[in-house]
Amino acid sequence: MVRILAIETSCDETAAAVVRDRAIESNVIASQVRAHQPFGGVVPEVASRAHLENINAVITTAISEAGCNWSAIDAIAVTCAPGLVGSLLIGVTAAKTLALVHQKPLLGIHHLEGHLYASYLADPTLEPPFLCLLVSGGHTSLIGVYGCGEYQLLGQTRDDAAGEAYDKVARLMGLGYPGGPVLDRWAQQGNPEAFDLPEGNIRLPEGKVHPYDSSFSGLKTAVARLVEELRQTHTELPVADLAASFQKAVAQALTKRAIAAAVDHGFKTLAIGGGVAANSGLRQHLTAAAEPLGLRLIFPPLRLCTDNAAMIGCAAVDHFQRGDRSPLDLTARSRLSLLEISALYGPTPLAVS
Ligand code: KG4
Ligand code: ZN
């Protein structure tokens with residue numbers, strides 16, 4: 001039995017959780033959405049300040065809601081990459097301080113590995129190998145999971161992430177921030193066949209198309225052009241039809257690639273992670289495509305799809321059990337490939353173990 005206190009501050013949610021093995025004992029999230037809304041997107045300086053204001057209360061609440069004390073905590077985990085450096089630093093500094101003060105081992109966790117581990121929380125019986133489709137505001141990747149830290153990057157976006165495309169399209173349609181949930185709601189009332197939008201294929205030499213890589217910037221530009229044209233001819237934008245057509249293009253592109261990767265590599269389970277996993281269109285398309293293949297789908301509940309610290313704690317449990325420890329000079333990194341996470345665990349950690 002391993003109990004972890006986990007901290008997540010990589011973007012605009014200040015979060016802390018206590019996780020015991022694959023069970024959540026507390027999962028506290030202070031959302032900053034309201035602070036960023038007037039700016040139409042996440043403002044890094046606003047995010048760091050809000051993290052600083054919220055972090056102590058969020059950690060204290062996570063521990064008290066779990067009904068435990070410091071002696072019951074085996075290690076402290078924190079998202080240290082990738083993300084906004086000013087935001088990550090608040091969590092990393094808090095975690096390092098707590099590790100030092102309470103003499104606990106420290107574990108730096110990769111944010112995407114956290115999203116991937118949300119599926120283990122959703123289904124504690126899940127075991128590798130499985131395929132993970134990670135679709136968030138910053139990433140769109142297809143990852144083969146063979147064990148803790150054993151990942152194969154099969155496909156990714158060549159430009160915008162799926163969530164980023166949602167946020168940008170919502171902004172250009174004047175729907176505010178964050179764009180994903182708003183567009184998703186509109187899409188459910190519109191006609192997905194109303195407008196024909198590009199799927200964003202990546203062309204390879206010899207006229208072939210990359211089977212797993214995607215592109216969403218062309219789709220975003222196509223919507224921008226369409227919105228411009230419609231504004232000339234319509235007094236009111238057909239928001240629902242635009243949202244439904246856009247949603248269909250994104251869901252189709254992601255589904256096609258995920259299914260192809262699952263079939264080609266013989267995966268029997270597809271786990272979906274990241275904020276866009278909440279998308280109703282993606283859920284429908286994937287469910288329809290997976291059923292005839294007998295492919296098992298894991299959609300974590302909404303509160304585990306978007307940024308949270310429980311998923312970070314769950315990943316940390318496995319790393320802790322493998323003997324991984326991070327040094328107390330762990331730093332925040334804006335970028336780090338999921339394939340390089342071994343760099344987070346020093347052979348001779350400075351932290352007490
Ligand atoms: O995973 P997440 O909370 O943060 C990142 O690590 O990026 O994902 C946030 C992203 C945002 O781009 C948001 O617009 C998108 O997830 N999102 C959605 C939905 N809910 C959140 N996108 C489409 N449909 C949704 N229902
Ligand atoms: Zn995230």
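The values are calculated or read from the model by the stated rules, or taken from the named source; none is laboratory data. Just so we're clear, the structure is a prediction, and the values are computed from it rather than from any experiment. Because the Cβ atoms are built from the backbone with ideal geometry, glycine has one as well, and the counts that use them run over all protein chains shown. Only protein heavy atoms, including side chains, enter the accessible area calculation; ligands, DNA and RNA are left aside. Shrake-Rupley method; radii C 1.70, N 1.55, O 1.52, S 1.80 Å.
Is at least one residue of the stretch 224-237 within 16 Å of ligand 1 (Cβ to nearest atom) and in contact with a helix residue (DSSP H, G or I) (Cβ under 8 Å, 6 or more places away or on another chain)?
For the stretch 224-237, residues within 16 Å of ligand 1 (Cβ to nearest atom) and in contact with a helix residue (DSSP H, G or I) (Cβ under 8 Å, 6 or more places away or on another chain): absent.
Spot the failing condition for residue 25; the list is (1) farther than 13 Å from residue 309 by Cβ; (2) open to solvent by 10 Å² or more (accessible area, probe 1.4 Å); (3) modelled with pLDDT of 95 or more; (4) touching a helix residue (DSSP H, G or I) at 6+ places or on another chain (Cβ under 6 Å), and only one is missed.
Status for residue 25: all satisfied but (1).
Can residue 135 be described as open to solvent by less than 10 Å² (accessible area, probe 1.4 Å) and away from ligand 2 (no atom under 16 Å from the Cβ)?
no
Of all residues in the stretch 303-331, how many are of a type outside the set (D, E, K, R), more than 15 Å from ligand 2 (Cβ to nearest atom) and open to solvent by less than 60 Å² (accessible area, probe 1.4 Å)?
9
Of all residues in the stretch 63-90, which are among the β-branched types (Val, Ile, Thr) and either over 21 Å from residue 24 (Cβ atoms) or surrounded by fewer than 18 Cβ atoms within 10 Å (Cβ to Cβ) (or both)?
Step one: list which residues in the stretch 63-90 are among the β-branched types (Val, Ile, Thr), which gives 63, 73, 76, 78-79, 85, 90.
Those that are among the β-branched types (Val, Ile, Thr) and either over 21 Å from residue 24 (Cβ atoms) or surrounded by fewer than 18 Cβ atoms within 10 Å (Cβ to Cβ) (or both): 85, 90.
Hey, does the stretch 249-270 have a residue that's touching a helix residue (DSSP H, G or I) at 6+ places or on another chain (Cβ under 9 Å), under 19 Å from residue 172 (Cα atoms), at pLDDT 95 or above and surrounded by 15 or more Cβ atoms within 10 Å (Cβ to Cβ)?
yes
Any residue in the stretch 121-131 that is in a strand (DSSP E or B) and either β-branched (Val, Ile, Thr) or touching a helix residue (DSSP H, G or I) at 6+ places or on another chain (Cβ under 6 Å) (or both)?
yes
Out of the stretch 119-161, which residues are aliphatic (A, V, I, L, M), under 11 Å from the mean Cα position of the chain (by Cα) and closer than 22 Å to residue 343 by Cα?
134
Looking only at the stretch 341-353, filter to residues that are loosely packed, with under 13 Cβ neighbours inside 10 Å and not in a helix (DSSP H, G or I); which one of those is modelled with the highest pLDDT?
Among those that are loosely packed, with under 13 Cβ neighbours inside 10 Å and not in a helix (DSSP H, G or I), it is 347.
Which one is surrounded by the fewest Cβ atoms within 10 Å (Cβ to Cβ) among residues in the stretch 173-198 that are small (Gly, Ala, Ser) and not in a helix (DSSP H, G or I)?
174
Residues in the stretch 91-101: is at least one away from ligand 1 (no atom under 12 Å from the Cβ), crowded, with 20+ Cβ neighbours inside 10 Å and closer than 23 Å to residue 180 by Cα?
Among the residues of the stretch 91-101, not one is away from ligand 1 (no atom under 12 Å from the Cβ), crowded, with 20+ Cβ neighbours inside 10 Å and closer than 23 Å to residue 180 by Cα, which makes the answer no.
In the set 113, 127, 150, 65, which member is under 30 Å from residue 250 (Cα atoms) and either within 15 Å of ligand 1 (Cβ to nearest atom) or touching a residue at least 24 places away in the same chain (Cβ under 8 Å) (or both)?
Criteria check complete, one pass: 113.
Residue 31: open to solvent by less than 10 Å² (accessible area, probe 1.4 Å) and within 16 Å of ligand 1 (Cβ to nearest atom), yes or no?
For residue 31, the condition - open to solvent by less than 10 Å² (accessible area, probe 1.4 Å) and within 16 Å of ligand 1 (Cβ to nearest atom) - is not met.
Taking the stretch 43-62, which residues are under 29 Å from residue 120 (Cα atoms) and surrounded by 13 or more Cβ atoms within 10 Å (Cβ to Cβ)?
47, 51, 54, 55, 57, 58, 59, 61, 62, listed by residue number.
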